[in-house]
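K.L.:
This is the structure, below, for whatever I ask next.
The values are calculated or read from the model by the stated rules, or taken from the named source; none is laboratory data. These numbers were taken from a predicted model, which means no experiment stands behind them. In this analysis, Cβ positions are derived from the backbone assuming ideal geometry, glycine residues included, and neighbour counts consider all displayed protein chains. Protein only, heavy atoms only, side chains kept; ligands, DNA and RNA dropped before computing areas. Shrake-Rupley method; radii C 1.70, N 1.55, O 1.52, S 1.80 Å.
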Amino acid sequence: MSKKILLSGVKPTGRPHIGNYFGAMKQFVDMQNDYDSMFFIADYHALNFIQDGGEMKQQILDLMMDYLAIGLDPKKSLIYKQSDIPEHTELTWIFDTITTMPYLQRAHAYKDAEAKDKEISVGTFNYPMLMAADILMYDADVVPVGQDQKQHVEYARDTAQKFNFTFKNEVFKLPDAKIMEGVAVVPGTDGQKMSKSYGNTIPLFASDEEIEKAVMSIVTDSGSPEEGKLPQNVYNIHKLLKSEDELKSLYDENKGKYKVLKEALIEDLKNFIRPMREKREQLAGDTETVLEILKEGGKRAKAKAEKKMEQVREAIGVKLY
Ligand code: ADP
Ligand code: TRP
């Protein structure tokens, strides 16, 4: 029996932190064994935000190295970038012609931008259609995304149905969103959700010094460190790395000794991050190989997309020879 097709995309926008890792990236690595997996770099989506050629290049390369360093395996998963397959933008146009403005105006991302009184580009407005093309092009069954992207996967489902109905042809499969909520929200050094926008992160490929600095800055409970009080912000990060059983004796024996507990967390974070950081450094020293893998993935994905577009062009009636 063939495996189900799993597909997800990530915008290349910035250095990942351990919240991104436990909340999303690690789950991709785990899932690649159970599905026929495809992971791509959504560079044309990122073009709505990054409009500087040099920066775009660097961000794409960085994301590719991040993925290989955490263990996405090109032998198990197809890894590529969106812009290597121009069929994505071609299909977006076709979807545009069967999609109404009011329907796109209901998208959360659009409504949020509008509420903030931002001048919205046509690309941002149309974002859900490019995402529908990304997903439907490859007959994806399952699309793992964070809660905030769930609506976009529903747009893809609706668009598949609308196309199949309009052209009386079952060209597209209906995908399902798989909401990634396996782990609780990872707290940042200030106890709020770890997020790039709050400046409270522990970078995934942090150096030993960065780890020390970040952990030492973790806010412990204010007031006197009375006996028995658990430093929640330290503990909640620690339990991503060790089981609660393993941590119990450490935290029981060192009640109130925040410095000792932080030092233990620093040690465990260093051991956890080091192998991935070293792998990433090794990749950074051999970008030719990294780009070769990306290019190969693009060729394989393009072959699939070309096949699908033949069906699409046939269905809409533009394929005359
Ligand atoms: P950021 O908030 O740092 O900008 P993104 O919004 O780019 O992060 O999130 C990328 C992915 O990482 C999403 O799937 C999101 O759910 C996950 N993620 C981000 N921050 C956390 C966190 N603190 N805990 C768990 N998952 C997270
Ligand atoms: N919109 C997604 C995000 O911002 C990225 C993305 C683009 C995507 N195309 C996709 C995710 C297709 C899943 C499937 O995170």
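K.L.:
Kindly state, to the nearest 0.05, the FRET efficiency for residue 295 paired with residue 117, given R0 = 51 Å and r defined as their beta-carbon distance.
P.N.:
Efficiency at R0 = 51 Å is approximately 0.80.
K.L.:
Set the Förster distance to 45 Å, then compute FRET efficiency between residue 2 and residue 52 from the Cβ-Cβ distance, nearest 0.05.
P.N.:
Between residue 2 and residue 52 the formula returns 0.60.
K.L.:
Something else now. What is the extension gain from residue 284 to residue 258, computed as 0.36 nm multiplied by their sequence separation minus the C-alpha to C-alpha distance, in nm to one decimal?
P.N.:
Full-extension gain reported as 5.7 nm.
K.L.:
Once each part is reduced to its C-alpha centroid, what is the distance from the range 243-300 to the range 136-215 in angstrom?
P.N.:
The distance from the Cα centre of the range 243-300 to that of the range 136-215 comes to 22 Å.
K.L.:
While we're on this one: Quickly estimate the mean residue ellipticity at 222 nm for the chain, helices only: each DSSP H run with n ≥ 4 gives -39500 (n - 2.57), and the total goes over all residues, rounded to 500.
P.N.:
Mean residue ellipticity, 222 nm, calculated: -16000 deg cm²/dmol.
K.L.:
At 1.4 Å probe size, with the rest of the protein present, what percent of the exposed accessible area of the range 196-281 is carbon and sulfur atoms?
P.N.:
48
K.L.:
If one takes the longest principal axis of the Cα atoms in the chain, at what angle in degrees, from 0 to 90 and to the nearest 10, does the Cα axis of helix 53-70 lie?
P.N.:
60
K.L.:
Also, quick follow-up: Considering only DSSP states other than H, G, I, E and B, which trypsin sites (Lys or Arg not before Pro) in the range 97-133 qualify as loop sites with at most 14 other Cβ atoms within 10 Å?
P.N.:
106, 116, 118
K.L.:
Right, something else. In square angstrom, what is the accessible area per residue of the range 196-281 with a 1.4 angstrom probe?
P.N.:
55
K.L.:
Stretch residue 124-residue 216 to full length: gain in nm at 0.36 nm per residue minus the Cα-Cα span?
P.N.:
Value of the extension gain: 29.2 nm.
K.L.:
For the pair residue 319 and residue 267, what calculated FRET efficiency results from E = 1/(1 + (r/R0)^6), where r is the Cβ-Cβ distance and R0 = 45 Å, to the nearest 0.05?
P.N.:
E between residue 267 and residue 319, to the nearest 0.05, is 0.15.
K.L.:
Net charge near residue 271: determine it from the other residues with C-beta under 14 Å of the C-beta of residue 271, scoring Lys and Arg +1 and Asp and Glu -1.
P.N.:
Neighbourhood net charge equals -3.
K.L.:
Just the number, please: carbon plus sulfur as a percent of the accessible area of the range 93-133, 1.4 Å probe, no ligands or DNA/RNA counted.
P.N.:
57
K.L.:
Given +1 on the Cβ of Lys and Arg, -1 on the Cβ of Asp and Glu, and no further charges, what dipole in debye does the chain carry about its Cα centre, rounded to the nearest 20?
P.N.:
Values: 44 positive and 51 negative charges, 136 e Å.
The calculation lands at about 660 debye.
K.L.:
Run through the range 7-68 and list the chymotrypsin sites (Phe, Trp or Tyr not before Pro) located in a DSSP loop whose Cβ has at most 16 other Cβ atoms within 10 Å.
P.N.:
49
K.L.:
How big is the charge dipole of the range 196-281 about its Cα centre, in debye rounded to the nearest 20, if each Lys and Arg gets +1 on its Cβ and each Asp and Glu gets -1 on its Cβ?
P.N.:
280
K.L.:
Give me the extension gain from residue 209 to residue 174: residue separation times 0.36 nm, minus the current Cα-Cα distance, reported in nm with one decimal.
P.N.:
Using 0.36 nm per residue and subtracting the Cα-Cα distance, I get 7.9 nm.
K.L.:
Label residue 304 and residue 154 with points 7 Å out from Cα along Cα→Cβ: what is the distance between them in nm?
P.N.:
In this crude spin-label approximation the distance works out to 2.6 nm.
K.L.:
Let me ask something else about it. In the chain, what % of DSSP beta bridges are antiparallel (nearest 5)?
P.N.:
Around 10 percent of the beta bridges assigned by DSSP in the chain are antiparallel ones.
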